[in-house]
1. Is at least one residue of the range 82-89 in the same structural domain as residue 349 (by TED's automatic domain parsing), more than 30 Å from residue 414 (Cβ to Cβ) and not in a helix (DSSP H, G or I)?
2. Could you check, for the range 180-199, whether at least one of its residues is buried (at least 18 other Cβ atoms within 10 Å of the Cβ), at negative phi and part of a strand (DSSP E or B)?
3. Which residues, taken from the range 118-141, are farther than 25 Å from residue 426 by Cβ and out of contact with any strand residue (DSSP E or B) (no Cβ under 8 Å at 6 or more places or on another chain)?
4. So, in the range 444-465, how many residues would count as being in a helix (DSSP H, G or I), under 28 Å from the mean Cα position of the chain (by Cα) and free of Cβ contacts under 8 Å to residues at least 40 places away in the same chain?
5. With the structure loaded, tell me whether residue 258 is surrounded by 23 or more Cβ atoms within 10 Å (Cβ to Cβ) and out of contact with any helix residue (DSSP H, G or I) (no Cβ under 6 Å at 6 or more places or on another chain) or whether it fails that test.
6. Is it fair to say residue 67 is surrounded by fewer than 22 Cβ atoms within 10 Å (Cβ to Cβ), more than 21 Å from the chain's Cα centre (by Cα), within 27 Å of residue 382 (Cβ to Cβ) and outside the structural domain of residue 222 (by TED's automatic domain parsing)?
7. Going by the structure shown, is residue 147 part of a loop (DSSP other than H, G, I, E, B) and either touching a residue at least 40 places away in the same chain (Cβ under 8 Å) or over 20 Å from the mean Cα position of the chain (by Cα) (or both)?
8. Please work out which one of (1) within 20 Å of the chain's Cα centre (by Cα); (2) crowded, with 21+ Cβ neighbours inside 10 Å; (3) closer than 20 Å to residue 276 by Cβ is the condition residue 227 fails and give its number.
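The values are calculated or read from the model by the stated rules, or taken from the named source; none is laboratory data. Please read these numbers as outputs of a predicted model, since none were measured by experiment. Glycine also receives a Cβ, built like all others from the backbone with ideal geometry; neighbour counts cover every protein chain displayed.
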């Protein structure tokens, strides 16, 4: 059910700008932090209650090492409570890097004459997806520059191709999108292709800072981009992803901007974003930003933990922009999804690409280039369950329906069994023997820890069915 202004006799806030910089800075400048407040706020989050802007500002303003550590420990506990020890894996697939925008932090920018512009053909898309399937990937996010060629019909066409490619036991079961904002009718076209989450990052929520980075193109319109996911919701896309590119402005402001965006979507559509992403500015061709707003590793860890506490039920995505060791640590503070085996240069999954080509055909430089199996092996070594699950989306547990399951905490009941089943598929079809041995140990341990013995028995039955050749089993 959508927000009805007539029913509640308050103004219709849908598709209206909702960021007030004065309000956000007022929270940051006038919120006083104490040890008692921090502990009360962490306790509220651990009770699975959303935090308000004042409470988030209080966490942001905590500076003493002992308070920051309490925030991190709270985030760790919350993550284990809601998400268990599973990590969802996906791969980005760049479809085209033509772009009409001129964003000073991006290798795709229109003024970058060193960029090698390319759009994958249908045949190249198939080869890329076959290569990803050969490695065990089941979930993709398709990425596009902003160009007239990449219209809703083109995006829908590439999504359909992705779903059609089958190689051996390989198939793509979830296609998410990272692309330019669309009009409502355009979002409807893309939705009809069966997409999962539609992801649009505001980059920075500060309007004046935004102007300094976005020089030309439609992306220079701050308000149009800010309300893009309202239009997606109006078109019926109830799984949307938000994000900020940390390093463009004061990280404290953009953390509150993300929370304010979450509040807006919840108020207007009864469901917040499905995911929040928080990439940091990294190397890109023609990158020239200075270092004023670059985010240190310590602040980055802190902001991830704060976001986890602020929005307990929202998925959090950590990208391969970050180096492996840092990713392994930050995962503990509340991350629920990571990309694995990532290559961002056009066409590079099915061909080898060197660093120079990466910067000429890619958007930025990645810092975790481990193959997918290496990441899975590392996660298993930490006792975690790598997951390729797509069950909720395919059973209609999305948007408001997803919140009905997840807010009470019941979603964990489905996620752990489904994570086990998708991991088992990977171990049977793709894993080397050493990884398979680790994986089955983790699976048997996870089943042994299940409180619901009936569910444990059903998982064991489905595992035997997978070993016998069946695939794509889920609850």
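1. There is no residue in the range 82-89 that is in the same structural domain as residue 349 (by TED's automatic domain parsing), more than 30 Å from residue 414 (Cβ to Cβ) and not in a helix (DSSP H, G or I).
2. Taking every residue of the range 180-199 in turn, at least one turns out to be buried (at least 18 other Cβ atoms within 10 Å of the Cβ), at negative phi and part of a strand (DSSP E or B).
3. Of the residues in the range 118-141, the ones farther than 25 Å from residue 426 by Cβ are 118-124.
Correct list: 121, 122, 123, 124.
4. Summing the residues that are in a helix (DSSP H, G or I), under 28 Å from the mean Cα position of the chain (by Cα) and free of Cβ contacts under 8 Å to residues at least 40 places away in the same chain in the range 444-465 gives 1.
5. Values: surrounded by 23 or more Cβ atoms within 10 Å (Cβ to Cβ): yes; out of contact with any helix residue (DSSP H, G or I) (no Cβ under 6 Å at 6 or more places or on another chain): yes.
Against the criterion (surrounded by 23 or more Cβ atoms within 10 Å (Cβ to Cβ) and out of contact with any helix residue (DSSP H, G or I) (no Cβ under 6 Å at 6 or more places or on another chain)), residue 258 qualifies.
6. yes
7. On the way: part of a loop (DSSP other than H, G, I, E, B): yes; either touching a residue at least 40 places away in the same chain (Cβ under 8 Å) or over 20 Å from the mean Cα position of the chain (by Cα) (or both): yes.
Judged against the criteria, residue 147 is a match.
8. Condition (2) is where residue 227 drops out.
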